[in-house]
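In what follows, a single structure is set out as structure tokens and then discussed.
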Amino acid sequence: MPPTGLCLRQFAPGLALRDHVQCFWHAKGIAVPGAEAVELLHPDGGMGLLFNFGGALSRDGKAVAGACWVDGPKLRTARLSVGEELDLLGVRFLPGSGALFIGEALSALTGGELVPGDALRHLALETLHERLCQAPDLVGRIVLLEHFLLERLRHAEVAPPVLSASLKWLRRRTLHGPGAGSIGALVDALPIGQRRLERLFQQHVGLSPKRYARLLRIARSRELIKRGGAAVSLTDTAHAAGYFDQAHFIHDFKAVIGLTPGGYLEYVRQRYG
């Protein structure tokens with residue numbers, strides 16, 4: 001499989017934003033003869049903002065209207081069409097942090113569709129996009145975007161510490177083997193009940209704890225497939241990613257990625273060798 005013609009650059013946030021922002025990123029389409037013009041965008045429990053400075057954006061085979069969007073928490077892999085006119089600037093928030101900047105429950109933004117900037121008028125993303133267009137270069141745009149986020153953060157209501165503790169617990173325990181990261185075990189380790197935990201996750205993550213744990217397991221299994229290739233059995237991959245059995249692993253993997261583990265292995269083999 002040829003390269004997709006995508007040039008992707010990532011930039012670390014300043015110190016004041018590092019507890020909340022994964023990265024700023026810039027995606028540019030470049031001319032590559034015979035390029036496979038689709039890039040897979042995998043869910044990780046986070047969300048982001050997108051600003052378009054190129055041609056019309058197409059995702060999952062559909063044109064997306066507008067120039068800026070909120071990219072809410074995804075349940076499954078999205079497919080971005082890559083062409084020479086692609087020119088996107090984005091910010092990716094850490095899981096549990098997006099609601100601080102968006103100012104509303106993320107459960108309303110969860111799914112696969114990009115939410116147009118004008119749908120959330122309190123964010124004034126269209127005004128921000130106009131200012132970004134006037135910036136002299138990419139560095140200037142990132143500086144403007146960082147200032148915007150710092151201002152939003154100054155007026156944000158801080159999430160309860162128990163949310164951060166729960167996210168860390170799931171990241172640490174979910175991949176320790178089948179059953180190690182069960183939601184019941186998490187609730188037993190917390191000073192709050194399961195209903196309160198579910199509400200916190202819907203507000204700040206946009207996913208239930210169970211769905212977030214599933215994304216962690218699938219992300220881990222993708223990493224293992226890319227690293228080990230055909231040398232590692234899918235049964236071993238399933239167990240290392242926290243699954244009791246291969247059937248459950250295959251079901252979850254296909255539901256999130258849109259490919260079976262074997263299909264993804266073939267994709268990786270063709271794409272990366």
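The values are calculated or read from the model by the stated rules, or taken from the named source; none is laboratory data. Quick caveat: nothing in here was measured; it's all calculated off a predicted structure. When we count neighbours, we look across all protein chains shown, and the Cβ atoms used for this are built from the backbone with ideal geometry, even at glycine.
Numbers for the structure displayed
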{"read-out": "Enumeration of residues in region 107-130 that are among the charged types (D, E, K, R) and in contact with a helix residue (DSSP H, G or I) (Cβ under 6 Å, 6 or more places away or on another chain)", "value": "D118, E126"}
{"read-out": "Selected residue (criterion: modelled with the highest pLDDT) from residues of region 24-37 that are hydrophobic (A, V, I, L, M, F, W, C) and surrounded by fewer than 17 Cβ atoms within 10 Å (Cβ to Cβ)", "value": "I30"}
{"read-out": "Tally, over region 37-60, of residues that are farther than 20 Å from R271 by Cα and either touching a His at 6+ places or on another chain (Cβ under 9 Å) or not charged (D, E, K, R) (or both)", "value": "14"}
{"read-out": "Number of the condition not met by T174 [criteria: (1) farther than 20 Å from R92 by Cα; (2) surrounded by fewer than 18 Cβ atoms within 10 Å (Cβ to Cβ)]", "value": "(2)"}
{"read-out": "Failed condition for Q194, given (1) touching a residue at least 12 places away in the same chain (Cβ under 8 Å); (2) surrounded by fewer than 19 Cβ atoms within 10 Å (Cβ to Cβ); (3) within 21 Å of G96 (Cβ to Cβ)", "value": "(1)"}
{"read-out": "Filter result for T4 (surrounded by 20 or more Cβ atoms within 10 Å (Cβ to Cβ) and more than 25 Å from A135 (Cβ to Cβ))", "value": "yes"}
{"read-out": "Every residue from region 223-236 that is at pLDDT 90 or above and either buried (at least 22 other Cβ atoms within 10 Å of the Cβ) or of a type in the set (A, V, I, L, M, F, W, C) (or both)", "value": "L224, I225"}
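Residue-wise test of (1) outside any helix (DSSP H, G or I); (2) touching a Cys at 6+ places or on another chain (Cβ under 9 Å); (3) in contact (Cβ under 8 Å) with a residue 12 or more places away in the chain; (4) buried (at least 17 other Cβ atoms within 10 Å of the Cβ).
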| residue | (1), (2), (3), (4) |
| --- | --- |
| L40 | yes, no, yes, no |
| F51 | yes, yes, yes, yes |
| V70 | yes, no, yes, yes |
| P73 | yes, no, yes, yes |
| V91 | yes, yes, yes, yes |
| P95 | yes, no, yes, yes |
| E104 | yes, no, yes, no |
| S107 | no, no, yes, yes |
| T127 | no, no, no, no |
